[in-house]
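Have a look at the structure below before the remarks.
The values are calculated or read from the model by the stated rules, or taken from the named source; none is laboratory data. Only a predicted model underlies this, so the values are computations on that prediction, with no experimental measurement involved. Cβ placement follows ideal geometry from the backbone for every residue including glycine, while neighbour counts extend to all protein chains displayed. Heads up: the accessible areas ignore ligands, DNA and RNA and are worked out on the full protein's heavy atoms, side chains in. Shrake-Rupley method; radii C 1.70, N 1.55, O 1.52, S 1.80 Å.
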Amino acid sequence: MLSVAENLFNIKQSLGKEIMLVAVSKTKPAAQIMEAYEAGQRDFGENKVQELEQKAQELPQDIKWHMIGHLQSNKVKYIAPFVELIHSVDKLKLLMEINKRALQNDRHIKVLLQVYIAKEESKFGLSEEELIDLLDSENYASMNSIKVVGLMGMATFTDDKEQVKNEFSYLKSLFDRVKLQFFKSDPDFTVLSMGMSGDYPTAIEAGSNMVRIGSSIFGER
Ligand SMILES: *Cc1c(COP(=O)(O)O)cnc(C)c1O
């Protein structure tokens, strides 16, 4: 079995420079995160607030922590002081809470809007219509402490590569349309977060520029 550092090296080689790698460390101990850290990795993703908060306290301060899992409004306050990017914003109400907590912490918080692209009940995200309505809303226009920097999506968990590719391609086309319609003069709307261990080559082919990879780096959970 390869080490964390070797896995990381191999994946980084295959990604090239333009693709940002978020190492998904959920359920993995601090010692393994430190192996990746010592190999140069700084961006890590977690999907539970409590675990994220605890690891952030314990591990080096220059780690950039990404919240990638479903987030409840009442937990935003715990990560608002330090979180680098929240990938999983799927409601206006959640965005408003993030804005409020960012303001309280005297910072801006970067977020991605999560879009539902899979054919699975268990996955979260906005529909295309909900996404457009959110970006069109007065509430959205009034928020000054959040920064929407892109979109995130998760494809269906299936061996059907064609289906996965179609789902990712759809999100890429939606990203391009939304950028034109709402972020034309905003240089920060650049991130398309899609792709995990099982499907990231397909996601990159479809236009992803941020991948969230866990098991291929740290081993199965
Ligand atoms: C766990 C998780 C990942 C990483 O999954 P792997 O298959 O281990 O690479 C990516 N994105 C989200 C939202 C996750 O919850």
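So that you can scan it fast, the table gives a plain yes or no per residue for (1) in contact with a helix residue (DSSP H, G or I) (Cβ under 6 Å, 6 or more places away or on another chain); (2) of a type in the set (A, V, I, L, M, F, W, C); (3) open to solvent by 70 Å² or more (accessible area, probe 1.4 Å):
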{"position": "D176", "(1), (2), (3)": "no, no, no"}
{"position": "F183", "(1), (2), (3)": "no, yes, no"}
{"position": "D188", "(1), (2), (3)": "no, no, yes"}
{"position": "R212", "(1), (2), (3)": "no, no, no"}
{"position": "S215", "(1), (2), (3)": "no, no, no"}
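Scanning segment 34-62 for residues that are of a type outside the set (G, A, S) and in contact with a strand residue (DSSP E or B) (Cβ under 6 Å, 6 or more places away or on another chain) yields a count of 5. Kindly establish whether M143 is under 21 Å from L94 (Cβ atoms), within 11 Å of the ligand (Cβ to nearest atom) and aliphatic (A, V, I, L, M). For M143, the condition - under 21 Å from L94 (Cβ atoms), within 11 Å of the ligand (Cβ to nearest atom) and aliphatic (A, V, I, L, M) - is not met.
Identification of strands (runs of 3 or more DSSP E) wholly contained in segment 116-221 with 2 or more residues that are modelled with pLDDT of 95 or more, within 30 Å of N105 (Cβ to Cβ) and small (G, A, S) yields 146-154.
Residues being within 30 Å of S137 (Cβ to Cβ), aliphatic (A, V, I, L, M), in contact with a His (Cβ under 9 Å, 6 or more places away or on another chain) and at pLDDT 95 or above are represented in segment 18-28 by at least one member. Out of curiosity, is I98 modelled with pLDDT of 95 or more and in contact with a helix residue (DSSP H, G or I) (Cβ under 8 Å, 6 or more places away or on another chain)? When the stated conditions are applied, I98 passes them.
In segment 50-76, the residues that are among the charged types (D, E, K, R) form Cβ pairs under 8 Å with partners that are surrounded by fewer than 16 Cβ atoms within 10 Å (Cβ to Cβ) and part of a loop (DSSP other than H, G, I, E, B), at six or more places apart or across chains, as follows: E51/T27; D62/R42; K64/R42.
The residues listed here are A5, A80, A39; of these, the one that is open to solvent by 50 Å² or more (accessible area, probe 1.4 Å), at pLDDT 95 or above and over 17 Å from M196 (Cβ atoms) is A39.
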